Amino acid sequence: MEPIEVLQRFFGHDTFRPGQEDVIRRLLSGRSTLALFPTGAGKSLCYQLPALMVDGLTLVVSPLIALMKDQVESLMRRGISAARLDSTLSVNELREIEGGLERGAWKLLYVSPERLASEVFVRRLRRQKISILAVDEAHCISEWGHNFRPDYLRLPKIARELGISCVLTMTATATIVTAEKIGASFGIPEHGWVRTSADRPNLRYRLHACEFDHRDGNLLSLLKDGPAGATIIYVTLRETAERVAGFLSREGFSARAYHAGMRSEDRAEVQDGFLSGELPIVVATVAFGMGVDKPDVRRVIHYNLPKSIENFVQETGRAGRDGLPAVCDLIACADDLTVLENFVYADTPSDRSLRSLIDYVLRQEETISLSLYDLSISLDIRQTVIETALSYLEMEGWITPVGVTWDRIELRMTESIEAWTQGFPPEEKELLRRLLSTGKKSRLWMRFDIADSAATLGEDESRVRALLQELAVQEGILTQRSGVREVWHRVEKDRSPVSVIADRLVERFLALEQSQIDRLHQFQNLCENGVCVTQQLLRYFGEESEPCGTCSSCCGESTAGSLPVTQRRAFSLEDVALIQAVRKENHPALRQPRQLARFLCGLSSPAARRGGLMKDDRFGALSEIPFSEVLAQIEA
């Protein structure tokens with residue numbers, strides 16, 4: 001059967017979109033490919049269709065749970081056997097899908113990149129014939145691109161370990177540098193790239209320079225005068241999303257906020273309302289829209305500056321996916337740069353904390369068991385930053401991931417102990433009965449602390465954990481785990497001094513910080529130079545074009561020059577006195593200069609949250625001053 005016949009039979013289309021058939025034919029001939037397609041250009045078909053034409057499993061790696069869920073449901077409606085493994089599934093659902101994997105029941109299996117950190121899961125995959133590995137959002141592999149995800153760094157190594165020779169990497173927002181990083185990581189030379197134009201001629205970009213205090217009025221004018229239809233308004237902060245949504249509601253618009261701080265059921269209600277058309281306006285942080293398939297979004301408005309050109313293209317790319325005209329407005333105010341820069345600086349760990357982390361990890365014995373939560377609190381480093389540091393150590397060959405374990409487990413008492421232990425060998429049955437006696441009983445649940453139970457029984461913790469895991473997968477038993485720990489293996493090799501390794505990682509984090517700051521200012525320059533917006537966006541991704549003739553710069557609707565700045569202020573003597581007063585208190589969570597700077601700039605940190613400092617009246621007292629200036633003042 002030819003690809004066009006599969007397209008018509010299973011997907012209901014008569015023709016391919018640009019680039020799709022090229023990618024599909026490369027994969028069918030076993031050649032790895034990098035697909036550089038704009039948002040909404042149909043990247044998923046590029047692996048879904050060949051998955052039906054090759055023997056074996058197509059393994060799809062995606063960071064977006066909502067997208068995985070939508071695509072699996074869509075494939076199943078088409079009669080295609082597909083499944084997903086993600087953190088939202090119950091124990092029984094996981095067991096069923098993993099059983100289907102062993103039986104070879106799936107043509108496509110979607111997994112998160114974190115799932116591939118489990119050595120147990122990777123061993124399961126070794127028993128499968130994997131014909132294609134499809135990596136979505138492949139730009140996440142590059143630390144010098146946007147949306148870097150440390151779990152992506154291990155994907156090329158896993159592909160080699162599993163003997164997967166045909167890999168499809170996909171992204172809508174990769175610069176030439178990022179594309180080269182992806183290609184080098186997976187062994188895809190430039191002649192293996194399939195690139196289609198990133199131009200979206202149906203999108204009209206409009207930039208509106210605006211002072212901080214006039215932003216709400218500007219937003220109202222845009223909504224009243226612009227096209228009707230579904231609208232996404234992007235903001236930087238959660239509190240801004242709530243405030244702007246409330247403001248618009250009072251002005252007579254049907255608008256709701258969406259951000260990660262909301263309850264999951266409230267987020268689902270907002271998303272469902274937007275998809276159905278009942279809710280026309282969503283005011284959201286950048287999390288909204290990832291994996292949401294709504295082709296008729298008529299307008300995207302950036303109330304705040306985005307973090308980078310890549311983010312701007314990705315977010316505005318959610319408009320007009322049906323090919324009809326859509327408007328992308330940006331209310332541009334340079335005051336936003338302070339908040340965005342501060343977020344970047346807040347993620348960089350202090351020199352002392354990072355060195356402590358590296359020293360702690362590399363001085364462990366062969367097996368390293370880490371609670372990211374505990375380390376985050378004790379070292380005052382965000383968990384995502386710890387994950388990045390561990391990935392760097394893995395890439396340098398110092399550690400390898402084993403998987404995830406846990407300190408505590410609760411089992412639901414649905415049957416008697418005799419029923420629970422039925423079918424186990426006599427010696428295991430007796431040990432299980434003794435183990436169950438160490439649990440703390442409540443009305444419905446039995447709670448086990450692994451370390452305490454092991455000490456009571458005189459058994460190894462791994463043995464106790466394995467027995468409880470055996471129970472957890474029995475039919476009719478409900479399970480809850482807590483105290484998650486990551487397990488790593490310490491690689492024995494010629495050991496460099498820990499201080500030398502730490503020096504390299506400190507420099508790497510500082511370089512990453514500067515790269516992110518540079519991207520902020522690249523976007524600021526795009527707003528200020530008066531050149532055609534579309535032309536600048538395409539040039540950033542390595543594509544030359546003529547002026548579009550429709551953006552605000554081409555139509556003479558925006559004025560080139562510096563964006564307005566009204567909120568930034570210089571240091572005063574009172575500010576210096578405040579710094580000195582807080583330092584004298586010698587709070588454990590504020591002893592290092594970066595810790596104190598984060599607190600005064602209103603940036604949360606694990607130790608500050610644990611110490612209750614977010615409620616202190618002085619938290620955020622210097623939020624209108626750039627972090628770098630506050631840090632310099634403290635260090636001086």
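The values are calculated or read from the model by the stated rules, or taken from the named source; none is laboratory data. Quick caveat: nothing in here was measured; it's all calculated off a predicted structure. FYI the Cβ positions are ideal-geometry reconstructions off the backbone, even for glycines, and counts take in every protein chain you see.
If I filter segment 598-615 down to residues being more than 26 Å from the chain's Cα centre (by Cα) and surrounded by 15 or more Cβ atoms within 10 Å (Cβ to Cβ), which single residue comes out as farthest from R568 (Cα to Cα)?
We begin by selecting, within segment 598-615, every residue more than 26 Å from the chain's Cα centre (by Cα); these are 600, 611-613, 615.
Next cut, surrounded by 15 or more Cβ atoms within 10 Å (Cβ to Cβ) only: 600, 611, 613.
Details: L600: 15, G611: 29, L613: 24 Å.
The selected residue is G611.
Take E544 and decide whether it is exposed (fewer than 14 other Cβ atoms within 10 Å of the Cβ) and modelled with pLDDT under 80. Talk me through it step by step, then tell me what you get.
Numbers: exposed (fewer than 14 other Cβ atoms within 10 Å of the Cβ): yes; modelled with pLDDT under 80: no.
No.
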Item to complete: Name the one entry in L537, L505 that is assigned to a helix (DSSP H, G or I), more than 30 Å from Q595 (Cβ to Cβ), touching a residue at least 60 places away in the same chain (Cβ under 8 Å) and under 25 Å from the mean Cα position of the chain (by Cα).
Response: L537
Item to complete: Mind counting the residues in segment 240-269 that are closer than 15 Å to V286 by Cα and not in a helix (DSSP H, G or I)?
Response: 7
Worksheet item: Which residue pairs have Cβ atoms under 8 Å apart, sit 6 or more places apart or on different chains, and have a first residue in segment 473-493 that is under 15 Å from E119 (Cβ atoms) and assigned by TED's automatic domain parsing to the domain that holds Y392 and a second that is part of a strand (DSSP E or B) and at pLDDT below 75?
Response: none
Discussion item. Checking the structure you have, find out if any residue of segment 200-221 is assigned to a helix (DSSP H, G or I), buried (at least 22 other Cβ atoms within 10 Å of the Cβ) and at pLDDT 95 or above.
Written reply: yes
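Could you list all residues from segment 157-180 that are assigned to a helix (DSSP H, G or I) and surrounded by 21 or more Cβ atoms within 10 Å (Cβ to Cβ)? Let's see the steps before the verdict.
Going residue by residue through segment 157-180, those that are assigned to a helix (DSSP H, G or I) are 157-161, 176-180.
Scanning segment 157-180 gives A159, T178, A179.
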Fill in: Of residues in segment 135-151 being modelled with pLDDT of 80 or more, out of contact with any Ser or Thr (no Cβ under 6 Å at 6 or more places or on another chain) and not acidic (D, E), the one surrounded by the fewest Cβ atoms within 10 Å (Cβ to Cβ)
R149
Item to complete: Hey, can you tell me all the residues within segment 164-213 that are over 23 Å from the mean Cα position of the chain (by Cα) and without any contact (Cβ under 8 Å) to a residue 24 or more places away in the chain?
Response: P189, E190, H191
Response to the item:
Apart from one, (1) in contact with a His (Cβ under 8 Å, 6 or more places away or on another chain); (2) surrounded by 20 or more Cβ atoms within 10 Å (Cβ to Cβ); (3) in a helix (DSSP H, G or I) all hold for S185; the odd one out is (1)
Discussion item. Need pairs with beta-carbon distance below 7 Å; first residue closer than 28 Å to K69 by Cα and within segment 244-271, second of a type in the set (F, W, Y) and modelled with pLDDT under 95; sequence gap 6+ or separate chains.
Written reply: Y258/F288; R267/Y258; V270/Y258
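Mind listing whichever residues of segment 107-144 are in a strand (DSSP E or B) and either touching a Cys at 6+ places or on another chain (Cβ under 7 Å) or hydrophobic (A, V, I, L, M, F, W, C) (or both)?
L108, L109, V111, I130, S131, I132, L133, A134, V135, listed by residue number.
When you go through A82, A117 one by one, which is the residue that is over 30 Å from R508 (Cβ atoms) and touching a residue at least 12 places away in the same chain (Cβ under 8 Å)? Step through it out loud before you land on a result.
On the way: A117 fails: over 30 Å from R508 (Cβ atoms).
Step by step, each of A82, A117 is checked, and only A82 is over 30 Å from R508 (Cβ atoms) and touching a residue at least 12 places away in the same chain (Cβ under 8 Å).
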Discussion item. Given (1) out of contact with any helix residue (DSSP H, G or I) (no Cβ under 6 Å at 6 or more places or on another chain); (2) at pLDDT 90 or above, identify the lone condition not met by L28.
Written reply: (1)
Worksheet, complete the sentence: When segment 561-578 is checked residue by residue, the ones that are more than 15 Å from L337 (Cα to Cα), touching a helix residue (DSSP H, G or I) at 6+ places or on another chain (Cβ under 9 Å) and either free of Cβ contacts under 8 Å to residues at least 24 places away in the same chain or not hydrophobic (A, V, I, L, M, F, W, C) (or both) are G561, D575
Discussion item. Can you pull out every residue in segment 276-307 that is surrounded by fewer than 22 Cβ atoms within 10 Å (Cβ to Cβ) and at positive phi?
Written reply: G277, G291
Worksheet item: Can you tell me how many residues in segment 23-56 are touching a Phe, Trp or Tyr at 6+ places or on another chain (Cβ under 6 Å) and under 19 Å from Y110 (Cβ atoms)?
Response: 1
Worksheet item: Only one of (1) over 22 Å from I164 (Cβ atoms); (2) assigned to a helix (DSSP H, G or I); (3) β-branched (V, I, T) fails for T39. Which number is that?
Response: (2)
Fill in: Residue within segment 65-78 that is modelled with pLDDT of 90 or more and in a loop (DSSP other than H, G, I, E, B) present
yes
Worksheet item: In segment 559-578, is there at least one residue being surrounded by 20 or more Cβ atoms within 10 Å (Cβ to Cβ) and either not charged (D, E, K, R) or not in a helix (DSSP H, G or I) (or both)?
Response: no
Practice prompt. Would you confirm whether any residue within segment 333-344 is under 18 Å from G217 (Cβ atoms), among the aromatic types (F, W, Y) and either in contact with a Phe, Trp or Tyr (Cβ under 7 Å, 6 or more places away or on another chain) or modelled with pLDDT under 95 (or both)?
Written response: no
Worksheet item: Given E475, E427, E492, which one is modelled with pLDDT under 75, over 18 Å from R408 (Cα atoms), among the charged types (D, E, K, R) and surrounded by fewer than 14 Cβ atoms within 10 Å (Cβ to Cβ)?
Response: E475
Fill in: Checklist (1) touching a helix residue (DSSP H, G or I) at 6+ places or on another chain (Cβ under 9 Å); (2) assigned to a helix (DSSP H, G or I); (3) surrounded by 15 or more Cβ atoms within 10 Å (Cβ to Cβ) applied to H521, failing item
(3)
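Can you name the strands (runs of 3 or more DSSP E) wholly within segment 306-421 that have at least 3 residues being of a type outside the set (S, T, N, Q) and over 30 Å from S553 (Cα atoms)? Spell out the reasoning first.
Values: elements: 326-332, 367-370, 399-412.
In segment 306-421, 399-412 are the strands (runs of 3 or more DSSP E) which contain 3 or more residues that are of a type outside the set (S, T, N, Q) and over 30 Å from S553 (Cα atoms).
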Discussion item. Among the residues in segment 80-93, are any in a helix (DSSP H, G or I), crowded, with 17+ Cβ neighbours inside 10 Å, touching a strand residue (DSSP E or B) at 6+ places or on another chain (Cβ under 6 Å) and not assigned by TED's automatic domain parsing to the domain that holds S264?
Written reply: no
